[in-house]
Structures are given as C-alpha cells and as structure tokens.
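As structure tokens, the structure follows; a few thoughts come after it.
The values are calculated or read from the model by the stated rules, or taken from the named source; none is laboratory data. Being a predicted model, the structure only gives us computed values, none of them experimental. Counting neighbours? That spans all protein chains shown, and the Cβs are built from the backbone with ideal geometry, glycine included. The accessibility values were calculated without ligands, DNA or RNA, using every heavy atom of the protein model including side chains. Shrake-Rupley method; radii C 1.70, N 1.55, O 1.52, S 1.80 Å.
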Amino acid sequence: MLLYLFLPFCLIAQSKLDSVQHIDEVRITAAKTSAKAIIPAQQLEGAQLKALNSFSVADAIRYFAGVQLKDYGGVGGLKTVDIRSMGTNHMGVFYDGIQLGNAQNGQIDLGKFSLDNIESISLYNGQKSDIFQPARDYGSSGSVYLRFRRPHFSQQEKQHLKATFRTGSFDLVNPSFLYERKLSETVSASVNTEYIYSSGKYKFRYKRVLPGSNEVAYDTTAIRKNGDIYAFRAEAGLYGRINEGNWELKAYFYDSERGIPGAIVNNRWMNAQRQWDTNFFVQGGARKVLTDKYDVMLKFKFASDRMRYLNPDTTLMYIDNTFRQGEAYVSLAQKYAITGFWDVSLSTDFQLNLLESDLDDMVYPTRNSTLIALATAIDLGKIKAQASILATLINEKITSGKNTANQAGSAPNKEEFTPAVFFSYAPFAAQNLSFRAFYKHIFRMPTFNDLYYTDIGNIQLQPEFTHQYNLGLKYSKSYEQQTLAHWELQLDGYYNEVRNKIVAVPKGSGMYRWMMMNLGKVEIRGLDVSSKAVFHLPRNVLFHVKGTYTYQKAQDFTRRKNPELEKITWGGQIPYIPWHSGSLIVSGSYQNWQLNYSFIYVGERYHNSANIRENYEQPWYTNDMSLLKNFSLKESNLKVALEVSNLLSQDYEVVLNYPMPKRNYKITLTFEL
Amino acid sequence: MIGLLSVLILFSCRDDVELFTADNIDVDTGETGEYRGFYLLNEGNMGSNKSTLDFYDFETGTYKRNIYAEVNPNVPKELGDVGNDLQVYGSKLYAVINVSNKVEVLDAQTAVRIGQIEIPNCRYIRFHGKYAYVTSYAGPVEINPDYTQLGFVAKVDTATLQVVGKCLVGFQPDELAIANGKIYVANSGGYMGSGSTENYERTVSVIDLESFTEEKRIDVDYNLHRIRADKRGNLWVSSRGDYKELPSRLFFIDAEKQVVTDTIDVPVSSWWQHGDSLYVCSVSWSYITFSNEITYAVVNTQTREVVTRNFISDGSEQQIEIPYGVMVHPEKGDIFLADAGNYVTPGMLYCFDRDGTRKWSVRTGDIPAHFALIKTND
C-alpha cells in the first residue's frame, strides 16, 4: 500500500512555474513560500521581528491579525495560540518545514520557542496555498511556519559566529551562541545553543474598587512565585546543495524544568507543581527537480518527547507522572507540470505516534496516520486557483499500561476526506490589487488525552471539524522619491464553523469528574485587517509602521439538556475571545540607531460563554519600547538593545487568575563575527 | 488603521476593576415562618476562584445572588476557590473553602466576615458543644518515600477559631456525622483508588468525642463519601463506587451493633434529611448510553425502603443536567434543587412544592451545591 503511494507518477518535460527557482537554491526556499502561495501569509521577519520586545515566538505571534494568545504569564508560563477562534488544537506549527506534534494533548507551547535565530514567522489561514508540500501541511485549520536562519556565505567567508547575552527583569540570564561553517562549496553546517534561566518572580497587583464611589475595596501587591524556568536548547544543522536540488538535516534538543505558578486564588498565593520537558528530534528533507516537469521532495522526522509532572504539595494529591511520546514521520511530495500554467501534485505522508505513561489506568496508544493529498494549481496570470483533497486514514492500537484493568479498547479507525479550494484574482495588471477567497474543510483528531486519559478519555470521540469561508483583498502601492515610500492593506472577512467540538462534560457524581464529548458548536464571524507602510524621511530616517485589527464574533451554539441553562450560554461569545483586538508596531531607524514601539490591544471579553457581569473581563493593552544601537567594528558587529515592556505598568490578566507582569526590562548584547 | 487604534485606546481605557455587587431577583411572594431564608454556596470550578454565596429570603421571596463581596469588600480575592461545605451553628455560618485551605466564618444573619480557620485541603464541617470538627485530606507528612498521607479531623474552638486538636483517620476523609457521643467519619481513599479499586478506603472511622481519639473502624464499602445519623442514632453512609463496575450505593449502620446491617440500591451524590425522609439525588455515568443517569429518590430511614425514585412529578427532571445539591424546607416541605449544569458556567436553583411540582427557578453562581437554613431572629 505504502510503496504504491510513494510511486512517482510520470517523469517528463518542462515546468515553467519552477524554472526560475533553480538558480540559487539557498535563497529559493525563502522566496518560494511567499511567492508560490496564492494567498500570501502574514509575516514577520528580519528587522521587524527584532523590533518587537518579544522573547518567544508566542509574543511575536500576537502581532498577527486573527490570532489570540492565551498567556499564563512569565518567561516559563504556558503560551498557546488560537487562530480565528477555532481553538488551539486547530493550529499547525511548522518548525523549518515540518510540523511539530503533540499527540498527547495537541498543544504546542509557543513560549518554548525563542526568537533567537528565527528568520521569519508566517501565518497562513486555511493552509499554505502552495501545492508542493507534504500532506500534513494540508491538515490544519491554520498554520504557523517558523523558519530559522540558514548559513549564507559570501565568496570569501568561511564561518560566522554570533554570541548573544540577554538579561533583565525576572532574574533572566539568557546566553546563546551560533556558529556557522562552510564545509565545502555545497555543504555548510551550523550549531546553535541557548540557555535560559529565570526566577520568574514578578510583582503583581490586585486592586478592586467599590462601584460608584471608586473607593478602594482592596489593593494587594504580591510576588509571583514558582514561575522559575531553566531551559537548554541545542541545535545542529547540515545544509547542502545538489544538482537541481537541495537537502538539509537538523537535530534539535530541548531540556527544561519549570515551576507551574498556578492560579492565584483567595488565601493561596503560591503553588508547588513542577514540570520537566525533554524534547529531541531529528528531521530532514531533500528536494530535487528530476525533469523539467517533475519535482520531488522527501521529508522525514523522528521525535522523542518526555514530560514529567510533579505535584509535591503534601496537602494535595501527590502526583508524579511521566509521559513519553514518540513520533516517526516520512513524506514524499511530487509535483508534475501538465502544462506551463497547470500543475498537479500528490503528497503521501505516513506518521506513527505513540504514548507511554506511568499514569494509573492509562493504556499505551499507538496511532498510525496515512495522509494523502492530491492537489492541483492553475496560474492564468490574473487568475490563480488551487484545489486539494486530503485523505486521512487513522488506525489506532492500544497495549496495556500501568494498572489498566478496565481497558475500553482502542478508538475505531477513521477515514476522512477533506477538501480545500483557494482562489485569487488580480484584475488590473498595472495595479497591485488582488482579491482572494478560500474554502476549507478540515478537522483535528481527538488527542490521546481526549481518547485515553484515565477516567475522562472517551474512545468514541469523533474528530472536531471546521469549515472556513474567507473573502479578502490585498492592495499595495509604492512611490518613488516620496516620504511615503510604500503602503499596503490586507482585508479578510470570514465565517468559520467548529462542529463536533470536543468539550469536557461533567460525569457522574462529585469530585470534578469529566468525560470528553463531541458536543460543542461554535460559529465565528470575523474581519482581519492588516496594513503596513514605509516612510522615508529626510536625513535617512526610515519609518516602518505595521498595524492589525481583528473583529471576531465567536458564538457558542452548544446544545444543552437544560433549556434554561442553554439560554445563558446560547450565542454567547466564547471564552477569552475579544470582539475587538489589534496591534501596532512603529519602528524608526537613523544610521545605527533603531527605536521601536509596539502596542497590543485586547478588547473586552468574557472568561466563559455565559456573557454575564460575573464573567466580564476588561480590555487590556501593553505598550513596549526598545532602543537598538549597532556598533560596527572592523570585522565584527556589536548590537545593544534596551527594552521596556508594559511601559504603563498595567495590571492585567490574559487568563483568569493568572496575573501578568508589570513594567519590566531587558538588555541584549549581540556580538557577530 | 492607526486612527482606529487610537480610538480604541482613547475610548476603551482600562478602568479600575469594580468589586462585584449582588443581584436581587424577586422569584416568589414572601412568607414568614420559623426560617428566614437559606444560603446557597456555589463551589466554582477549580482555579476560577469563583466560589460565591447566594441568599434566598423566604420573607420577601427575593433571591440575592453573589452577596459575599458586597458584604465583605475588603477581603482580597473574595470568598475563594471551590466551596465544599456550608453549615450554620449558633450565630455563625461556616463555609468550607477547599482549595483556599480555609473555613470562612461569617455572621449567620448578615454574612459579615468574622474570621477564618486555616485548614489545608478541608472538606466537611460538623459541630458539637463548643467545637467544630472539620475533615481534611492533609495529614502530617513523614519522611518516608512510601508514606501515604492519612487524613484527619480537626477540632476547632468556635469561640477563638483556633484548631485545638487533630485526630488522624483514614485516607481522604469526607463527610462526618456526630451521634451517640461519637464522630463518624466516612473515609474515601479518593487519591489512592484510581488504579485499582482495592486501594480505596472502605471504612468509617469512629472517634470518641470525649477523648478525641479514633476508637475503631467500621467496614462498609469502597470510596465512602457521605454520612448522616438518623433520629435513632443509626448511620446512613454512601459509597461513590469506583466509577467503573462498582456503582454508588447507600448503606445502613445499626446504632447498637455498629456494623452495616442493611444496604439500599440507591446511588447517592447529594442528599438532605427531612425527618425520616432522606432525599437523595444521584448522577451516575452510563457507559452504555454515554450520558448521566439521574435519580431523585426518597428513602424512608425508619422502614429503610425507597419511597420513590422520582420525587419530581411534573417532568422537570428531564431538563436538569447535574443535580448537585438538594434541600427540603423543614416546615413546608418545598424541595430546592441545584443544577450544576456544565460546571463552568452558571447553574440553576429550582424550587418545587412538596408534591414535586415546579414553582420557580433562578440562575445561581457556578456549581450551586450546599444549602444552610437560617432561622428567623426572635
């Protein structure tokens, strides 16, 4: 079966769509992602990315339209991303082109990925509208691609060295080191390590006033504890060019220990839970133009993750559980150009996931996923269109875990066929105006926890489906010799549905027992606006401005047994999704100086879908500033960056009872050779 | 765009967060009697810090929702996280707030805060003489890697609110009952049994009130939860079952023999003693229908027979999601039933007359659960 799927189909003739791309392989991949996708990504890259006071990918991603970040606070706090209100499990995160997996709970903690050495972050709604990609890239409702720095050497260069040291509030110590070496004309290597320590201590304040009089009811300031983190990351990569193609191989290792600071509740201002993570993976890929019409791309990954959770608090239930996950993945993508304007592709992926734990009464599940994506793309100049269909075949098995007396069996096999259609139309050759539309139907699989976790797991769970309808436009204009050198605007309106939403339902009697069920339904109507402008002022002062605005009406239409209770939640805005949110980045540069200002606004929202006074959350917003100075030395370069975050020292919470830091500072020194 | 954002900044400024003030909802016509009203403690989902206190005033027919913060504006982070029990004793109201590790002590008539009793992982409270007795899961810790932590009963002076003694019992003790000069404690072993049923506790600890020491254990069944003494000093104990094959069930301990002499096939989640009638609500998960099966039973504690398996007569039971607390008006026999819904959004309180016909309903806080009746001031 598998072999058959990998069989290439046809090997003939010329592909015009790709002919430009073979010249300089090193740059191509970068150009390719944005050039080939018929609906462009929202992207942060290079200087723009550095202009943000962002420590992790999660912080940076807040500047995209349509995205909401759940941030539990601090350097080590969990940070997950929700794209267009469909839920964090619907977001695929791709690390240098291969998806990061977490079959256990489906959550990728983007706080764990530092911005050190990230070249670009791209966000695609629906999927990257490029048909030459692995089948897995078709498999999420939205995707974030993290692209890391690759070695680029000029003719004379042999090696690069970059050393960074960052320190500041929360007792942060964060050195990192990058070494790149040209091994031969066609092969180069890089090694990158980073260490993070932070005590995670910060002051937070709860102040309440009496309604009407505004007299202080209580005003308490305390220090966030047990938010400490230690993390070490090491990566190595080999990058090579072959005739009409390229290959790369990466190894990644991450080890961390962190406190889980927990919710701040009355009479309990500290928690003791801890978590250890060790992640290791090796991934690689190669692409080659076999004939002028036929391209192939091979990717693979092996990952091994270990997570240990400890509750040492003797007044509570003692918990010390370790979970191990393994993943093996291989993908073959093939693209064939039928004519100069018409491509077809077939991608076949195979993936194996397994989970083992020492949790009582939890089985060891193994999931085999076969993904086959058939896609086609047409480029008629003004009109570009793509259509794809993804077949997902899932087969699961279980073996006995620790004390698993009551095995309920494994989840039944699943076969899903899900389509996507993308379309773009640029009516005027002279104007940079394009319209776009897409429809996508996709799902997320229930996670291993949803299916098998002791007591709450439910093997009968169906996948959680989404339907997305999007209409949008992009307009851009550049001017010669004017103060306003360039501006662009992107606007998208959308309607999304989440059906069969997996929710925890109270089960049986007492003691907070739950069961996972496919009960929820959410409808999302939204508008994403993003724009940017570049200003050239006299004396070589350069200004970049980037702004986003998001409107989302994300309503809970989950049926309830009790009609009176249903009335309270029916049509309610789902938890933590603001109706209005936005961001603004302004950066100005003058000679070796750069001054940046960034702003995040999250409007009023409710912390659950009963949109009543008790659950109301006020808007919050943060203002961040940073100042950078570049010192060019003979052969090297030194950069100093000073950052102030939450300038107004606003006391806010993103998640109920998880207070965020007040004003805080960072200083970064970067030395490059 | 920038303009839009500036507008957002200007007009959506973050104000100081206002303290929550109570809602008053008229649900019925007022009536006077021996009882002035009742408090209802909403547990609030864990980590939400949303345990709230509601009050229903029989005299005015007004339901006052979420009164704690208004009455006690100066308590940081209000009532706390996960209310687990509510009792009135003398002039005081005692709210056991489990995750907040405290028993909140309020004036019974006004709900004005008097103080708090610090007891980690506290569960249930009962009284005798000058003392309150509180169960807790968090016994002392020994330096021994294999040590598993026993629970205890704390003896609290109700005048000083100080813990004056502790008596170790079984693992994870839940409800307690005081009768015949003894404290009977239902041990659950709830932290121990998830792997195999045999690891649950299956005993009631018997503590002598005078010496405050554990005298013996009475074997009942796995994972005990609730315990009440009837008029004759006999004890009714409920087992939660193991959530798998072993169902929740009701047991009878004879006062004289001090052993289980009878058992009734009724699952128990919450209950209320009304004379010789035990009103029992239960929710048990069925792996066959993949839904909760709910019973509303009345057990006669004298004849030890099930009087009815559905005390609601008008069909309303079809709509209730999770009955989580029940109370019966001592004089009128009106039945008050709390529906905890989906645990994360507000629940409902239903009032039925003694025949089980619905009179009114009102929205509560999250997870409405525990009732405490207040007598009219003389």
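Quick look at the values:
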read-out	value
Using a Förster distance of 25 Å, the FRET efficiency for A:TYR469-A:ILE383 (Cβ separation, nearest 0.05)	0.85
The range A:431-560 shape via C-alpha gyration tensor axes, a/c threshold 1.5	prolate
Range in chain A, longest, excluding exposed chymotrypsin sites (Phe, Trp or Tyr not before Pro) [loop by DSSP; at most 11 other beta-carbon atoms within 10 Å]	A:10-427
Ratio of Rg to Rh over the range A:537-630 (Cα coordinates, Kirkwood Rh, two decimals)	1.28
With all protein chains modelled, accessible area of A:ASP528 [1.4 Å, Å²]	10 Å²
Shielding score for A:207-219, defined as the mean number of other chain Cβ atoms within 10 Å	5
Nearest-10 value in Å² for the accessible area of A:VAL363, using the 1.4 Å probe	10 Å²
Degrees between helix B:2-11 axis and first principal axis of chain B (Cα, 0 to 90, nearest 10)	70 degrees
Per-bin percent of Cα-Cα distances, the range B:282-378 [10 Å]	15, 44, 32, 8, 1, 0
Cα→Cβ-extended label distance, 7 Å offset, between A:GLN460 and A:ARG205, nm	5.3 nm
Candidates B:THR29, B:THR60, B:THR135, ranked by Gaussian network fluctuation over chain B, Cα under 10 Å, top entry	B:THR29
Protein heavy-atom accessible area occluded, A/B pair - total, 1.4 Å probe, Å²	7100 Å²
Cα shape, the range B:246-313, gyration tensor, a/c 1.5 rule	oblate
Extent along principal axes [Cα atoms of the range A:306-457; Å; largest to smallest]	71, 32, 22
For the range B:321-378, convex hull of alpha carbons as volume per residue, Å³	84 Å³
Total charge dipole magnitude, the protein assembly as shown, about the Cα centre, Cβ charges on Lys, Arg, Asp, Glu only, Debye to nearest 20	3300 debye
Rg(Cα)/(2.2 N^0.38 Å) for the range A:175-262, N = residue count	2.00
Phi-based couplings in Hz for the range B:366-376 (Karplus 6.51, -1.76, 1.60; Gly and Pro marked x)	7, 6, x, 8, 10, 10, 9, 7, 10, 7, 5
Computed log₁₀ I(q)/I(0) - Debye formula, equal Cα scatterers, no solvent, the range A:236-386, q 0.14, 0.16, 0.17 Å⁻¹	-0.87, -0.98, -1.05
Most positive-pole-ward Cα, A:ALA426, A:THR466, A:GLN386, against dipole of the range A:385-481 from beta carbon charges	A:ALA426
Heavy-atom surface of the range B:1-139, accessible at 1.4 Å and reported per residue (Å²)	35 Å²
Stokes-Einstein D in µm²/s, Kirkwood radius over Cα pairs - the range A:149-224 at 25 °C with 0.890 mPa s viscosity	146 µm²/s
Hydrodynamic radius of the range A:74-207 per Kirkwood, over alpha carbon pairs, in Å	17.6 Å
Prolate/oblate/rounded call for the protein assembly as shown, Cα gyration tensor, a/c under 1.5 rounded	prolate
Residue mean of other protein chain beta carbons inside 10 Å, A:557-565	6
R0 of 51 Å, Cβ-Cβ distance B:GLU118-B:GLU59: FRET efficiency to nearest 0.05	0.90
Contact order relative to length of the range A:427-541, as percent, for alpha carbon pairs under 8 angstrom and 6 or more apart	25 percent
Within the range B:34-105, GluC sites (Glu not before Pro) in DSSP loop having at most 15 other beta-carbon neighbours inside 10 Å	B:GLU34, B:GLU59
Complex-versus-alone comparison for the range B:179-195, residues with a loss of 40 Å² or more in accessible area, probe 1.4 Å	B:TYR191, B:SER194, B:GLY195
Calculated P(r) of the range A:403-495 - Cα pairs past 23 Å, %	56 percent
Accessible area per residue in Å² at 1.4 Å probe, computed on the range A:356-503	44 Å²
Label-zone membership for the range B:345-378, site B:SER91, 7 angstrom Cα→C-beta point, backbone N under 16 Å	B:375-378
Surface share of carbon and sulfur [accessible, 1.4 angstrom probe, percent] for the protein assembly as shown	56 percent
Cα-based Kirkwood hydrodynamic radius, the range A:324-390, one decimal, Å	14.6 Å
Separation of the A:PHE428 and B:GLU245 label points, Cα + 7 Å toward Cβ, nm	7.7 nm
Calculated over the range B:146-198: convex hull of Cα atoms, volume per residue (Å³)	108 Å³
Positive-end residue of B:ASN84, B:GLN116, B:VAL362, charge dipole of chain B with Cβ unit charges	B:GLN116
Two-site FRET efficiency, A:GLU604 against A:PHE177, from Cβ-Cβ distance with R₀ of 60 Å, rounded to 0.05	0.85
Per residue convex hull volume, Cα atoms of the range B:212-293, in Å³	109 Å³
The range A:123-165 - accessible surface per residue (Å², probe 1.4 Å)	30 Å²
Euclidean distance of C-alpha centroids, the range A:240-315 and the range A:438-475, integer Å	21 Å
Spatial separation of Cα centroids for the range A:175-217 and the range A:328-363, in angstrom	33 Å
Under 19 Å from the A:LEU238 label point (7 Å along Cα→beta-carbon), backbone N, the range A:134-158	A:150-153
A:MET86 accessible area, assembled protein chains, probe 1.4 Å, Å²	0 Å²
Shielding of A:610-620 by partner chains, average beta-carbon count, 10 Å	5
Inter-label distance, nm, simple model (7 Å from Cα along the C-beta direction), B:THR289/A:ALA222	4.4 nm
